[in-house]
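The values are calculated or read from the model by the stated rules, or taken from the named source; none is laboratory data. What you are looking at is a predicted structure, and each value in this text was computed from that prediction instead of being measured. Here Cβ is always computed from backbone atoms with ideal geometry, including for glycine, and neighbour counts include all displayed protein chains. Heads up: the accessible areas ignore ligands, DNA and RNA and are worked out on the full protein's heavy atoms, side chains in. Shrake-Rupley method; radii C 1.70, N 1.55, O 1.52, S 1.80 Å.
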Amino acid sequence: MKSSALLQTRCAVFGAGGFIGANLCLALQERVGRLVGFGRRAPPDALQNVEWVQGDFADPDAYDAALAGANAVIHLVGASTPASANTDMIADVMNNVVATLHFLDACRRHGVQRVIFVSSGGTIYGVPDVIPTPETYTPEPITAYGVSKLAIERYLSLYRHLHGLEYRALRVANPYGPFQSAAKGQGVVAAFMDKALAGQPIEVWGDGSVVRDYVYVADVVEAIIAAMSHDGPSRVFNIGGGRGHSLNELIGAISEAVGRPIQRTEKAARIIDAPRSVLDISRAQAELGWTPRTELSDGLARALAWRLGELAKVTAPV
């Protein structure tokens, strides 16, 4: 996005205190005309300069102040994980799909021009027989989580048709990097790294041969920013790392990063895990002018440096 266009943008980030949200706010706070963050808790220390509205996404009255005057909104809120969504599908629909419908109605009332929705590239396609998988592939999600993400994409398209609310949906693969928390179930990289640092064995579902597409969070942030001003024909984009890595490869890379071997225990493979998931990112490269710039080894080194810094804060003497 051109700097002059960004400076005219009044942006609200929903889920600003989360993993991607915190990284996005750090990238935007000096680049947009106005930046409002919305989240359930007080902002992280790194976001003290962001205008903050605290509230629950499930309560439409809580975020009116965040939407007031905004012309671009980034929707990062997710109230479930692939595993938890399957456990309680009704709650998943209520907390994600229904809550997003209330949110879209509020966006219309406030005159928001564009919504950027961070969807899921790892779960929407299900078990594709085309690898890398393009956006034109028919989605057949095998988790309630993927079904909800796909439903929200469809509602965004409907709101555009009925009400003229513009949108872009970014199907992000498996993001990792600073601010990712294993305690919140936010990703295998954070979980494996914490276990490795603690000298504890990691749990691997299956034999470690499943392949996933990992993308560094700073690259995801740049894709979101590019989508804020995109005016091309497409509205749905895959955002991935450009290649796949097996869990065994990932474990080896994390082991190398932390400088110690990682113990592992294998559990039975799960029905919710597709054997192979890699995204075709050529559309984003062509239309957004975006491409991932961070190799897995470099991204893991940066994520590790951030995590060690956070652990040092906890153990520092008062």
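Descriptive notes on the structure:
- Compared with the dominant principal axis of the Cα atoms in the chain, helix 296-315 is inclined by about 90°.
- Calculated from backbone phi, Karplus (6.51, -1.76, 1.60) coupling profile of region 265-271 in Hz, x at Gly/Pro: 10, 9, 10, 4, 4, 9, 5
- Modelled label reach - S246, point 7 Å along Cα→Cβ, region 121-148 residues with backbone N closer than 19 Å: 128, 131-132
- Remark on V211: its backbone amide H falls under 5 Å from those of R276, S277, a criterion applied only to residues 5 or more positions apart or on other chains, H modelled at 1.01 Å from N.
- Cα-derived Rg to Rh of region 105-194, Kirkwood definition: 1.04
- In region 14-54 the Cα-Cα distances spread across 10 Å bins starting at 0 as 35, 61, 4 percent of all pairs.
- Split the accessible area of the chain by element, probe 1.4 Å, and carbon with sulfur accounts for 51%.
- For the chain, the 222 nm mean residue ellipticity estimated from helices alone, with every DSSP H stretch of n ≥ 4 adding -39500 (n - 2.57) and the total spread over all residues, rounds to -10500 deg cm²/dmol.
- Cα shape, region 215-318, gyration tensor, a/c 1.5 rule: oblate
- The chain: angle of helix 99-109 to the longest principal axis, Cα-based, in degrees nearest 10: 30
- Counting every C-alpha pair in the chain, the share spaced more than 28 angstrom apart comes to 38%.
- Axis of helix 247-258 versus longest Cα principal axis of the chain: the two differ by about 80°, to the nearest ten degrees.
- Here's how it looks for G37: its modeled amide H is under 5 Å from those of V13, E51, W52, V53, which are all 5 or more places away or on a different chain.
- Available extension along the chain between E51 and I131 is 24.6 nm, counting 0.36 nm per residue and deducting the alpha carbon span.
- For K149, a cut-off of 15 angstrom between C-alpha atoms picks up these aspartates and glutamates, skipping any fewer than 8 places away in its own chain: D92, E135, E140.
- Rolling a 1.4 Å probe over the protein heavy atoms gives region 2-141 an accessible area of 44 Å² per residue.
- Among I90, I251, I124: highest mean-square fluctuation, GNM of the chain, C-alpha pairs under 10 Å: I90
- With 10 Å bins beginning at zero, the pair-distance distribution over Cα atoms of region 1-158 amounts to 11, 37, 34, 16, 2 %.
- Summed side-chain charge close to E287 - residues other than E287 whose Cβ falls under 12 Å, Lys, Arg +1, Asp, Glu -1: +1
- Applying the Karplus relation 6.51 cos²θ - 1.76 cosθ + 1.60 with θ = phi - 60° to region 115-126 yields 3J(HN,Hα) values of 10, 9, 10, 8, 8, 10, x, x, 10, 5, 7, x Hz, where x marks Gly and Pro.
- 3J(HN,Hα) from dihedral phi, region 163-169, Karplus parametrisation 6.51/-1.76/1.60, rounded to Hz, x for glycine, proline: 10, x, 7, 6, 8, 9, 10
- Within the assembled protein chains, the solvent-accessible surface assigned to L197 is about 40 Å², based on a 1.4 Å probe.
- Beta bridges per DSSP with both ends in the chain, % antiparallel, nearest 5: 10
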